[in-house]
Amino acid sequence: MNIFEEYLNKILNIVSDQNKKGLLKLPDNLKSINTDIPPKQFDCDISTNVSMVLSKINSTQPLELANKLAKLIKKNDTNIDIIEVVKPGFINIKFKHTFWNEFLKNIITNKKHFGISNNLKKKRYLVEFVSANPTGPLHVGHCRGAILGDVISNILKFNNHDVVKEYYVNDYGNQIISFTKSVYFRIREILYKENFPKENPELYPGDYIIEIAHNIINENKKLDFSKFETISDKLANLSIVQSLNFVKSNLNNLGIKHDNFVSETDIINKKEVEKVVGLLKKNNFLYEGMIEAPKSEQNSNWLQRKQLLFKSTDFGDDKDRALQKSDKSWTYFAGDLAYHNYKLSRKFDVLINILGADHAGYIKRINAAVEALSGNKNKIKCKVSQLVKLI
């Protein structure tokens, strides 16, 4: 039990005792009474709103009730140095130095168990974090998100919850084709001394591509690199494996290990998108309609057309979201729908997504998707990790 739980229980016992004596009326529900950290301008350790919660039912001003309760709180508590009442009715408590000495001694003595909340119901959590595109190395922004996700996971584990740490590998789409071609041209450069086509804006020019190319050559001596078309699928798999090896090495240096790496390609190939589209259609969450041009598109280049749309506005999103492109291939969001449906199928109680700040605008549609797929249950929490710029 932490300090806030301990003092909340003490306060609830005091008001319950006063109620039994007929000196205080209590509402049916006491859940709105809390103990919390007070604002920085107050020189105290803990604060409670108890008097403001109980003032109305007792027809008493919050400040008057707070003064009465403050005296009762301090009466039999030798740990309290100062207790004061501040407007509009908060009770602020400052502990003696000896209290903190004992508190620190308790942490050292019980370091393996200190901080565990025994009042929490054990749950199953899935924490998805990092999930960087497998087309290049991790950067500082990824590291911040990695540490945030790992710390949240470890705190949940420490409190005896079941936690799975997951990485979603975006190994499907045009960026993977460009990545594979980049590796292919570096291999040709190494084996046949051909110039890498740096003028091609679709290719990745980074030195890490050269390292991936060398590794693939060394580990696949019998592979024929004469034609891209005949080797593209195999090379894509090999390139992604090499890139993920870099990622896992970086994460390992931070002391971070994921339990699962889930492939977007596997999700697509197993027809999971078709399954989730069928499910949403069955529940009347899809329709054929037209949407306005995205802000990133110039209106002159935008061709408005009928698309398969998800009714995400029914769940608080700004607009409904397209699931198919003009060529009838699935949008990135359609793949995400399928992935989150796969998350839900594994019966986790809570899903946690750690997103970079550049993906914060994606939160509403993901929340909408999970609500629709889980039957309006609030099963997902999205946390944002701010990006950094090194100057």
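The values are calculated or read from the model by the stated rules, or taken from the named source; none is laboratory data. Please read these numbers as outputs of a predicted model, since none were measured by experiment. All Cβ positions, even for glycine, are placed from backbone atoms using ideal geometry, and neighbour counts span all protein chains on display. SASA here: full protein model, heavy atoms, side chains in, ligands and nucleic acids out. Shrake-Rupley method; radii C 1.70, N 1.55, O 1.52, S 1.80 Å.
Can you pull the percent of Cα pairs in region 62-125 with separation above 19 Å? Spell out each step's value before the answer.
Numbers: 1115 of 2016 pairs.
That fraction is 55 percent.
Across region 312-328, computed HN-Hα scalar couplings (Karplus, 6.51 cos²θ - 1.76 cosθ + 1.60, θ = phi - 60°) run 6, 5, 5, 10, x, 7, 6, 8, 6, 10, 6, 10, 10, 7, 5, 8, 6 Hz from first to last residue, x flagging Gly and Pro.
Using r as the Cβ-Cβ distance of Q324 and S374, and R0 as 25 Å, what FRET efficiency do you calculate, to the nearest 0.05?
On the way: r = 23 Å, r/R0 = 0.93.
Efficiency, from the Cβ-Cβ distance: 0.60.
In region 273-362, the portion of solvent-accessible area held by carbon and sulfur atoms comes to 49 percent [1.4 Å probe, whole percent, DNA, RNA and ligands not counted].
Charge dipole (Cα centre; +1 on Lys/Arg Cβ, -1 on Asp/Glu Cβ; no other charges) of region 1-157 amounts to roughly 400 debye. Note on exposure: T230, T331 ranked by accessible area (1.4 Å probe, complete protein assembly) read T230, T331, with the most exposed listed first.
Beyond 18 Å, the tail of the calculated P(r) for region 116-250 holds 61 percent of the Cα pairs.
Using the 1.4 Å probe convention, the accessible area of the chain works out to 59 Å² per residue with neighbouring protein chains retained. For the listed residue pairs K319/K389; K121/K157; K74/K96; K40/K68; K112/K381; K193/K221, the alpha carbons are over 20 angstrom apart in K319/K389; K40/K68; K112/K381. Amide hydrogen proximity for C382: with H placed 1.01 Å from N in the peptide plane, the residues at 5 or more positions away or on another chain lying under 5 Å are N353.
Protection proxy ranking of 102-114, 263-275, by the mean of other Cβ atoms within 10 Å over each peptide's residues and highest first, is 263-275, 102-114.
What FRET efficiency comes out for the pair D81/S59, r = Cβ-Cβ distance, R0 = 35 Å, nearest 0.05?
0.60
Scanning residues 5 or more positions from I291 or on other chains, those with amide H under 5 Å from its amide H are R305, with H placed 1.01 Å from N in the peptide plane.
What is the Cα convex hull volume of region 220-300 when expressed per residue in Å³?
On the way: hull volume 20.7 nm³, N = 81.
Normalising the Cα hull of region 220-300 by residue number yields 256 Å³.
Relative to the current alpha-carbon distance between K105 and N34, full extension at 0.36 nm per residue lengthens the span by 22.9 nm. Size check on the chain: the Cα extents along the three principal axes, sorted descending, read 89, 52, 39 Å. Taking amide H atoms as placed 1.01 Å from N in the peptide plane, the amide H of L26 has no partner under 5 Å among residues 5 or more positions away or on other chains. The figure for W330 is an accessible area of roughly 60 square angstrom, using a 1.4 Å probe on the protein chains alone. Inter-part distance, region 52-98 to region 340-358, computed on C-alpha centroids, equals 42 Å.
Translational D (Stokes-Einstein, µm²/s) of region 186-339 at 10 °C and 1.306 mPa s when Rh comes from the Kirkwood sum over C-alpha pairs? Approximately 82 µm²/s, per Stokes-Einstein.
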